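We did not get these values from a lab; they are worked out from the coordinates using the rules stated. All of these numbers come straight from a predicted model, not from anything done at the bench. Here the Cβ is made from the backbone with ideal geometry for all residues, glycine too, and neighbour counts use every protein chain on show.
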Amino acid sequence: MNSPTTPPSSELHERTVSELSGLLQARKLSAVEAAQHFLNRIQFHTALGAFLSVDEEATLVQARAADARLAAGSVSALEGVPLAHKDIFVTRDWPTTAGSKMLSGYRSPFDATVVAKLKDAGAVCLGKLNCDEFAMGSSNENSAQPPMGFSQPEPVKNPWDTSRIPGGSSGGSAAAVAARLTPAATGTDTGGSIRQPASFCGITGIKPTYGRASRYGMVAFASSLDQAGPMARTAQDCALLLSAMCGPDPDRDSTSLDVPAEDFTLQLNDSIAGLRIGIPKEFFGDGLSADVRAAVDSALAEYEKLGARLVPISLPRTELSIPVYYVIAPAEASSNLSRFDGVKFGHRAAQYTDLADMYKKTRSEGFGEEVKRRIMIGTYVLSHGYYDAYYLQAQRIRRMIADDFQQAFGQCDLIAGPVAPTVAWKIGEKSDDPVANYLADIFTLPASLAGLPGMSLPAGFGAGGMPVGLQLIGNYFAEGRLLNAAHRFQQATDFHSRKPQGV
Ligand code: GLN
């Protein structure tokens, strides 16, 4: 796979992370050249709305430092490799907005742990990527920040069809990787926000086991669900990035697990002969559109050709994951977002009479509609008198959903199914209907609620020629197995190397 020759600079963006790494290690490409190439592309493709901020000089400072380390013999696989971060990760050298007006002009005094780890591994940051406000959404139509090159907020466009959404909330990350504006990006997944946009944009993304990657410096949405992960074109690239992102962070994130970082690339080529893939019948019911089903079915047939065995299983509480998630996530969000009061971070109302009025005006102006909706739902379900009926009940069912998975993993090694019921929809199609958006999360929420690792890999195309992702879910700490199964599939198929027209 690694090309021995330097590509013409016009094709550099076609290179995967692994290929760029090979060129950088062989000193056939400098980190500065790589960074400059992608910075130029980002400037050229602002119409997609994928990036919120770039700072050429900050990028080049990192690239020069990487070149110096390469010259001194660094063998880190990510040394000099460009990537970009979802704007939910705080960064010292770029603004952080989480897609919210509330954080306009905010700059963090420190880097998120995941950002710092990737930087320590030598990766060069190209800038910050658009996302739904505080990661709440499935379409990236909820960002309140104008993307680069715009003066008003503007939905991110799907590079495969710019009249469609890229998915969300990591929509900027997925669109940027699919359009080759960056070889890789970080994303976060609370209820599907890595897997669903990866599926909609035809790229690969993985959410690790809850607690594998530190949440320190990730602007919090729902703390018991939020998890960081990589988005790239291939499983191999995701393995490289994830290896650098994970690891315990006991002093800064009390929910980070005491599990050492792993090299997820080691298992990539293992045989998957005899692998038992569980097929949950609840993922293939009436709600699944025929085009997505056809693509998923043929991907599963490919797995059988590779020697895997398909095992029918049941995840009986799949449907309940929607009401459960939309109680728990807003409950945690309403608590997490109480810190945005106009005193410590970002936006403050220009005029107010007293402290209470300042809070009220700041929050009314600073938060968007979807965020306010969730704060209200969350406050309601946590309030005295409703706590038992909603929040506690949701927690109980969450436990049962996790138990259902353990039952299923008695019969299979991995679980496979669709990522979303349909391909990416048209911009505006569901923007006035929050419930329609929530329902589209049905296949990603169960793994999130159970804290299990899950990924999406390109599996074919559906209606309108739009990409369809295959979701793979593993048991706790089975990231290596997931990436292995995805890598073997990608060696047998070419969906991951197809590219949208016009980019
Ligand atoms: N679509 C889900 C939501 O709106 C998931 C978002 C996420 O994973 N950040 O909450």
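With the gyration tensor restricted to C-alpha atoms of the range 209-368, the semi-axes of the equivalent ellipsoid amount to 41, 23, 14 Å, longest first. Can you work out the FRET efficiency for the pair residue 491 and residue 281, with r the C-beta to C-beta distance and R0 = 30 Å, to the nearest 0.05? After rounding, the FRET efficiency stands at 0.55.
Net charge in the neighbourhood of residue 168 (other residues with Cβ under 13 Å of its Cβ; Lys, Arg +1, Asp, Glu -1) is -2. Ranked by how many other Cβ atoms sit within 10 Å of their own Cβ, fewest first, the residues 466, 376, 148 fall in the order 376, 148, 466. A crude spin-label estimate for the pair residue 251 and residue 271, with each label 7 Å from Cα along the Cβ direction, gives 4.7 nm. Dividing the summed helix terms, -39500 (n - 2.57) for each DSSP H run of n ≥ 4, by the number of residues in the chain produces a 222 nm estimate of -10500 deg cm²/dmol to the nearest 500.
Each of 39, 242 was scored by other Cβ atoms within 10 Å of its Cβ. Listed from fewest to most, they are 39, 242. What you get for the range 347-442, charging only the Cβ of Lys and Arg (+1) and of Asp and Glu (-1), is a dipole of about 280 debye around the Cα centre.
Our estimate of slack between residue 319 and residue 369, defined as 0.36 nm per intervening residue step minus the Cα-Cα distance, is 15.4 nm.
The lysines within cross-link reach of residue 281, meaning a Cα-to-Cα straight distance under 26 Å and a gap of 8 or more places when in the same chain, are 207, 305. Given a Förster distance of 56 Å, report the FRET efficiency between residue 393 and residue 71 from their Cβ-Cβ distance, rounded to the nearest 0.05. Computed FRET efficiency for residue 393 and residue 71: 0.40.
Based on the Stokes-Einstein relation at 10 °C and a viscosity of 1.306 mPa s, and on the Kirkwood radius from alpha carbon pairs, the range 172-295 is assigned a translational diffusion coefficient of 99 µm²/s. Considering the chain at the alpha-carbon level, its Rg and Dmax are found to be 21.3, 70 Å. Kirkwood analysis of the Cα pair distances in the range 281-436 returns a hydrodynamic radius of 19.2 Å.
Exposure proxy shown here: for 218, 136, 455, the number of other Cβ atoms within 10 Å sets the order, fewest to most, as 218, 136, 455. Take every Cα pair under 8 Å whose residues are at least 6 apart in sequence, average their separation, divide by the length of the chain, and the relative contact order is 17 percent.
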